[in-house]
1. Please verify whether Gly311 is open to solvent by less than 60 Å² (accessible area, probe 1.4 Å), closer than 27 Å to Asn348 by Cβ and not basic (Lys, Arg), treating the condition exactly as stated.
2. For the range 206-239, give me each residue that is surrounded by fewer than 18 Cβ atoms within 10 Å (Cβ to Cβ) and closer than 23 Å to Ser168 by Cβ.
3. Tell me, which residue of the range 20-56 that is acidic (Asp, Glu) and in a strand (DSSP E or B) is least open to solvent (accessible area, probe 1.4 Å)?
4. If you check every pair at least six apart or on different chains, which have Cβ atoms under 9 Å apart with a residue in the range 299-319 that is more than 17 Å from Asn174 (Cβ to Cβ) first and a residue that is in a helix (DSSP H, G or I) and open to solvent by 50 Å² or more (accessible area, probe 1.4 Å) second?
5. Among the residues of the range 240-256, is any free of Cβ contacts under 8 Å to residues at least 40 places away in the same chain, touching a helix residue (DSSP H, G or I) at 6+ places or on another chain (Cβ under 8 Å) and under 23 Å from Glu203 (Cβ atoms)?
6. Can you tell me how many residues within the range 220-258 are at positive phi and out of contact with any Leu (no Cβ under 9 Å at 6 or more places or on another chain)?
7. Are there any pairs with C-beta distances below 8 angstrom linking a residue in the range 324-348 that is touching a residue at least 12 places away in the same chain (Cβ under 8 Å) to a residue that is of a type in the set (Lys, Arg) and outside any strand (DSSP E or B), with the two at least 6 apart or on different chains, and if so which?
8. When the residues of the range 176-187 are filtered to those that are touching a strand residue (DSSP E or B) at 6+ places or on another chain (Cβ under 8 Å) and open to solvent by 10 Å² or more (accessible area, probe 1.4 Å), which remaining residue is nearest to Asp308 (Cα to Cα)?
Amino acid sequence: MKTINTKAFGTEAADAQLKEMHIQRREVTPKDIEIEILYCGVCHSDLHTARNDWGGTIYPVVPGHEIVGRITSIGSEVTKFKVGDIAAVGCLVDSCGECDSCKHDLEQFCRNGYTGTYNSHDKHLGGVTYGGYSERVIVDEHFGLKVPENLDLAAVAPLLCAGITTWSPLRHWNAGKDSKVAVVGLGGLGHMAIKLAKGLGAEVTLFSRTPGKTQDAFALGANHVIISTDEEQMKSVQGKFDLIIDTVPYVHDVNPYVATLNYNGTLVLVGYLGNLDPMLNTVPMIMGRKSVAGSVIGGIAETQELLDFCGKNNIVSDIEIINMQDINTAYERMLKSDVKYRFVIDMNSLRNNK
């Protein structure tokens, strides 16, 4: 298969800085679209993969799965897009399309293993897939998403991961105008959870460890803020919430939050990967038919639903735009939670860097 030499930013080792490099993209096949990347969001998964925090990183790695750009070429059988359209790509670029998960628009749960936007097996070229820290990306049209014209394109980028990661559980557990929804943690995921839950008409509460997030939470649309280190405030919301979206990315005690669930309520973990410590106390769960669940991104149809909803309700992420050359500094700032609330790379900085 013919390839296209493409400028990118990536790293060759867990302890190495990201730097400019060149990768090979496949040329457009009949079902493919080629997207000139305009903006790419910066996700915590990018950092963890670059530094092999989760194990399994194959180097060199080019992160980035919050991609927005303009279509510059289409294959002969493409019907979903035309050249010049604005399109987006999230965390998925392929799946088997044949299993029950794929047939139910749940490509993220593909029984045969989905193809991630980066660090997955590339069935076209061999090797691994490379992400959005690059000039262009080529994907099957099915995995391209349409972007509402009224939205700020840079601020759309984080919707492709932070947005869908919080939208999917809100939709699955039927959050709406009669729902009381709480959000644990105010970062990239948390700020989107507040905006989307509010957009769906829910009464929204932020759980925060410190009072410093209060005004920001109200500005984002929260109705209430509960300081989780304050025992009296925690007691005041016992048995209140129908759904809790827990966005905290590190191990923490979820038991105090379970106690604030209404009967039939669910706490959904979307930020943390690993064993819970301390362990779950099942008594409050049994006595109120409460659930602790997990969720991750969404399928293509659900992600398109999110983008359409955001277009109708003018919802985007709060972002800070950076140049590609500043990514290593951005990673260090992310580790300190020094961003409100998502970095987005202006990819012209890579394209125009001589």
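The values are calculated or read from the model by the stated rules, or taken from the named source; none is laboratory data. Please read these numbers as outputs of a predicted model, since none were measured by experiment. Quick reminder, even Gly has a Cβ in these numbers, built from the backbone with ideal geometry, and neighbours come from all protein chains shown. Protein only, heavy atoms only, side chains kept; ligands, DNA and RNA dropped before computing areas. Shrake-Rupley method; radii C 1.70, N 1.55, O 1.52, S 1.80 Å.
1. On the way: open to solvent by less than 60 Å² (accessible area, probe 1.4 Å): yes; closer than 27 Å to Asn348 by Cβ: yes; not basic (Lys, Arg): yes.
Answer is yes for this residue.
2. The answer is Gly221, Asn223.
3. Filtering the range 20-56 down to residues acidic (Asp, Glu) leaves 20, 27, 32, 34, 36, 46, 53.
Filter again for in a strand (DSSP E or B), leaving 20, 32, 34, 36.
Working: Glu20: 70, Asp32: 3, Glu34: 29, Glu36: 54 Å².
Out of the qualifying residues, it is Asp32.
4. Once the first residue is more than 17 Å from Asn174 (Cβ to Cβ) and sits in the range 299-319, its partners that are in a helix (DSSP H, G or I) and open to solvent by 50 Å² or more (accessible area, probe 1.4 Å) give Gly299/Phe109; Ile300/His142; Ile315/Lys198.
5. Start the filter on the range 240-256 by keeping residues that are free of Cβ contacts under 8 Å to residues at least 40 places away in the same chain, which leaves 250-256.
The next check asks that each one be touching a helix residue (DSSP H, G or I) at 6+ places or on another chain (Cβ under 8 Å); those that pass are 255-256.
Then keep just the ones that are under 23 Å from Glu203 (Cβ atoms); that gives 256.
Yes.
6. Just the residues of the range 220-258 that are at positive phi, to begin with: 221, 239.
Filter once more, so that each one left must be out of contact with any Leu (no Cβ under 9 Å at 6 or more places or on another chain): 221.
Within the range 220-258, residues that are at positive phi and out of contact with any Leu (no Cβ under 9 Å at 6 or more places or on another chain) number 1.
7. Partner pairs satisfying both residue conditions: Val339/Arg333; Phe343/Arg333.
8. To start, the set of residues in the range 176-187 that are touching a strand residue (DSSP E or B) at 6+ places or on another chain (Cβ under 8 Å) comprises 179-186.
Add one more test, that the residue is open to solvent by 10 Å² or more (accessible area, probe 1.4 Å), and what stays is 179-180, 185-186.
Numbers: Ser179: 22, Lys180: 24, Gly185: 26, Leu186: 24 Å.
Only one residue fits best here, namely Ser179.
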